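Encoded as structure tokens, the structure appears first; notes follow it.
The values are calculated or read from the model by the stated rules, or taken from the named source; none is laboratory data. Values in this document were obtained by computation on a predicted structure and should not be read as measured data. Counting neighbours? That spans all protein chains shown, and the Cβs are built from the backbone with ideal geometry, glycine included.
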Amino acid sequence: MIDLQGKRALVTGAASGIGRATAALFAELGAQVLLADVDSERGEQAAKDVGGVFVRCDVSRRADCEEAVHTAVSQFGGVDVLFNNAGIIRRSTVCEITDDDWDLVMAVNVRAIMVLSGLVVPLMAANGGGVIVNTGSGWGVKGGARAISYCASKGAVVNMTRAMAIDHGPDNIRVVCVCPGDTNTGMLAEEARQLGESADAFYADAADRPLGRIGTPQDIARTVAFLASDAAAFVSGAVVTVDGAGTA
Ligand code: NAD
């Protein structure tokens, strides 16, 4: 039932982790995939591995987002699925964070979704519809320690998903949010580094694991592929946690 044959997908943060796994699965399910990332070396390699096309794109820069969408149009003729997935974290409290770090987290995690969706929605509307999947986080629906800007940004992603779903439903555009729990990617290692902990200790000390493990990028990718497919035709405005009951 999960078939992306003929779909044209734009995936941000596609050079590693959840974005890379999702780009690979999209391609396996028949989609043409444009992998966008600020990391050219890993992005080029990922595109080669999955059989997609790479575009260098710093999602915090409008001009780069315009270039990515332009590339999707020139290479594939349009965008049917937009996976707004690029994200960064700064582990700090409200007393520790700098204005620059706050602005950067907001620009990458939130403003980029506004910019890219704003560019892609008119294309989707003109083409009869489409799907936008935004990557939120468990920390978009509950709080987390020492991650004030990240928690604020992911809360925004969750609620802008709902607002976009209402605004663009009449154009047959579905907008959904996937909220991963701790997932084994570079981001988790980066968090451990920022907190001065070893990755192993960080995994062991993190929140309860009702299913006895943290997530894999593939756990998230499979859910995104379902949400992006016609099998989820009536799922819109939804916030889907994929965290082995971590937020339960
Ligand atoms: P990751 O670090 O493996 O991948 C993130 C990717 O985003 C990288 O390839 C990076 O180069 C790219 N990126 C960073 N800044 C960018 C920018 N300005 N422009 C374009 N690309 C940029 O981490 P991941 O875990 O795969 O993260 C993907 C998404 O999942 C993020 O939105 C993150 O917040 C979310 N998430 C992750 C976890 C987790 O535990 N790993 C949990 C909840 C939510």
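For the reader, a short list of remarks on this structure follows.
- Within the stretch 133-148, tally of residues that are free of Cβ contacts under 8 Å to residues at least 60 places away in the same chain and either farther than 12 Å from V240 by Cα or among the hydroxyl-bearing types (S, T, Y) (or both): 8
- When restricted to residues that are β-branched (V, I, T) and under 19 Å from A14 (Cα atoms), the stretch 150-174 contains 1.
- Residue among A31, A27 that alone is surrounded by fewer than 24 Cβ atoms within 10 Å (Cβ to Cβ), in contact with a strand residue (DSSP E or B) (Cβ under 8 Å, 6 or more places away or on another chain) and of a type in the set (A, V, I, L, M, F, W, C): A27
- Looking across the stretch 28-45, the residues that are under 15 Å from A86 (Cα atoms) and more than 8 Å from the ligand (Cβ to nearest atom) come down to L34, L35, S40.
- The stretch 45-61 - residue that is in contact with a Lys or Arg (Cβ under 9 Å, 6 or more places away or on another chain) and not small (G, A, S) and, of those, surrounded by the most Cβ atoms within 10 Å (Cβ to Cβ): V59
- Residue match in the stretch 122-129 (condition: on the phi > 0 side of the Ramachandran plot, modelled with pLDDT of 95 or more and either of a type in the set (G, A, S) or touching a Gly at 6+ places or on another chain (Cβ under 6 Å) (or both)): yes
- Residue list for the stretch 62-77, filter: in contact (Cβ under 8 Å) with a residue 60 or more places away in the chain and buried (at least 18 other Cβ atoms within 10 Å of the Cβ): A72, F76
- The stretch 195-212: number of residues that are under 20 Å from K142 (Cβ atoms) and either at pLDDT 90 or above or hydrophobic (A, V, I, L, M, F, W, C) (or both): 5
- Subset of the stretch 65-107 (residues that are within 21 Å of V33 (Cα to Cα) and among the hydrophobic types (A, V, I, L, M, F, W, C)): C65, A68, V69, A72, V73, F76, V79, V81, L82, F83, A86
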